[in-house]
Each structure stands twice: as C-alpha cells, then as structure tokens.
1. If you take every DSSP beta bridge fully contained in the chain, what fraction is antiparallel? Give it as a percent rounded to 5.
2. Between Leu79, Leu125, Leu237, where does the largest GNM mean-square fluctuation fall for the chain, given springs only between Cα atoms within less than 10 Å?
3. What are the residues whose amide H is under 5 Å from the amide H of Phe117, where those residues sit 5 or more places off or on another chain and H is modelled from the backbone?
4. Where in segment 98-181 are there GluC sites (Glu not before Pro) that are in a DSSP coil and have at most 15 other Cβ atoms within 10 angstrom of their Cβ?
5. Only Cα pairs under 8 Å and at least 6 apart count here; give the relative contact order of segment 7-261 as a rounded whole percent.
6. Just want the answer: with Cβ charges of +1 for Lys and Arg and -1 for Asp and Glu, which residue in Ser8, Ser182, Tyr221 is farthest toward the dipole's positive end in the chain?
7. Once you order the gyration tensor axes a ≥ b ≥ c over the Cα atoms, which shape class does segment 200-240 get: rounded for a/c under 1.5, otherwise prolate or oblate by comparing a/b with b/c?
8. In the Gaussian network model of the chain, springs joining C-alpha atoms below 10 Å, which of Asn166, Asn80, Asn199 carries the largest mean-square fluctuation?
Amino acid sequence: MIKNPSISVVISTYNSIPWLEKTLWSYEHQVFREFEIIIADDGSDDKTAAFIANYNKQSAKKIIHVWHEDDGFQKTKILNKALKQCTAPYVVMTDGDCIAREDFLQIHYERREAGYFLSGGYYKLPLELSEIITQDDIATQRCFDIKWLRERGLPVNYKNQKLTNNFVQAVVMEKLTPTTASWNGHNASGWLKDIIAVNGFDERMKYGGEDRELGERLINYGIKSKQIRYSAICLHLDHARGYMNKDAQLVNDDIRKNTKTQKTVFTPHGLEKRINN
C-alpha cells in the first residue's frame, strides 16, 4: 500500500455496485501505481458500504470510503468531503461507472503541469455491452479493443476513433478537436492546491454543469486547461439518470452565467463555508 501517493483518485458513486466494481477492477491494472482511491458516495445504502469494505480487504490499494446520508443529488457536497480526504498533491476525478484503460493514470501523471488542469473524455458503451464486460475483459484490456467491441454489437460510429491506442494520432486529434477543454467530472485532473484556492465545488449546484463550473472558476483564477480526451481513455457504462431536474438545471445555469460574467474565482458555498447570515 502506497504511503505517500502522487495521485488521489476521487470516484463518485450512488447505489451502483456492479458498475463501481468494474470501475475498481480497472484501477487494479493501472501502469501507474502511486495512487490512493477515495470513493465519494452520495448516500448509497448499506449494501454499497459492505461491498467497499469487503473489496478493501482484497485490494492492495488504499481505498477510503466517504459517505453522507441520501438527500437527493448532492454530488458537489460529497466531492468536497472527498477532497478533504485527499493526501496527494494531484487529484484525478472520475465516476463509478467509468472503466479506466491501463494507461489512464499514467497519462494524467505525465501530462500534469503547474498552472493547468487536464480535461479528458469518455467513450459511452450501450447497456448490453456495459453488462457483459467481465473482470477478465478488464484485466486483459480487450474491452478497449474496437474489434472486440464491434464483434459484440458495438455499432459503427465516427466516435469509435476515441478508442485509438496510437499516441501520435491521439495527440493530433486533441489539437484539432473543437471541443472545449472543460473540467469533466468523469475524467479530469488538477492540483489540489488550485482546487482548494477556488474553494472546491459550489454546493448549491445539483446535476448539470456542476463539474464544469469548478473548471470555469479555475480558469478565472488563472489556471489554463489542456485537452487529453483521446489519450486518457475510459469506458462509460450506460445507466438511467433519474436525478435530472429541470428546475435545478435552471439554478445551475444561473450560477454558471454569474461565474462567467463576474469572473468569479471563489465560491462561499464550497469546501469552506463563508456565507454571511
């Protein structure tokens, strides 16, 4: 077990043991080894706690389970709690439904740079494929092979190029992509000191842009973003999203608009509360 990890991996989850298990399996096979795992659990039931405790006994990794009671979608709050448990200077954030390729953390580690955060993407799998991926498929990395996926029903799509394992091609596509290098909750990383400087996530925000708002404040703070969406690969496992809420989305949109127009750096509703009563 690593005593002084170089990376803290924060994985969010909520009542999704099969997907979380596949996600954790993928971190058993990372080329980069100097990391710890913090599971940010947004109110899962006792079954998830029991699963994590049992998994912890079997894994050589340092795994910390951070939990709070279920109160609807409160991802920003649990992520802030998880950030307070990070012991490494660099943080990689992802979700408990994202299988990381074996070089995922190595790419984040190699591309990290002072004054920057890294913006990754994901390749979304259909539900049928998400369900059939096994521990052995992850250990052998064949689940990242486009031919293997196509043989199991993956439709032809221009997005298949996201699964390239050609380093030069990935870097070229990252330079050419029109996609903004934003902070994406499923695949992003940055220096813990920078995240603390902007006070973490805004806890007023529910689902929809809450991750990107953090990135927007980091940019206002002077941090630049770099694209790694074709280099740091993860497979997104399909699932329903019952937590989507139109009213909450409107609130989020207003907060993000204010962050952009006012060039907001620090949220008083974040890691440390600085709210005037």
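No value in this document is a laboratory result; all are computed from the given coordinates. Model, not experiment: these values are computed from the prediction. Here the Cβ is made from the backbone with ideal geometry for all residues, glycine too, and neighbour counts use every protein chain on show.
1. Roughly 30 percent of the beta bridges in the chain run antiparallel, per DSSP.
2. Result: Leu125 has the largest fluctuation of those listed.
3. Those lying under 5 Å, H to H, from Phe117 are Lys224, Ser225, Lys226.
4. Glu113
5. In percent, rounded to a whole number, it is 26.
6. Sorting the options by dipole projection puts first Tyr221.
7. Oblate is the answer for segment 200-240, as a/c is 1.5 or above yet b/c matches or exceeds a/b.
8. Among Asn166, Asn80, Asn199, the largest mean-square fluctuation in the Gaussian network model of the chain belongs to Asn166.
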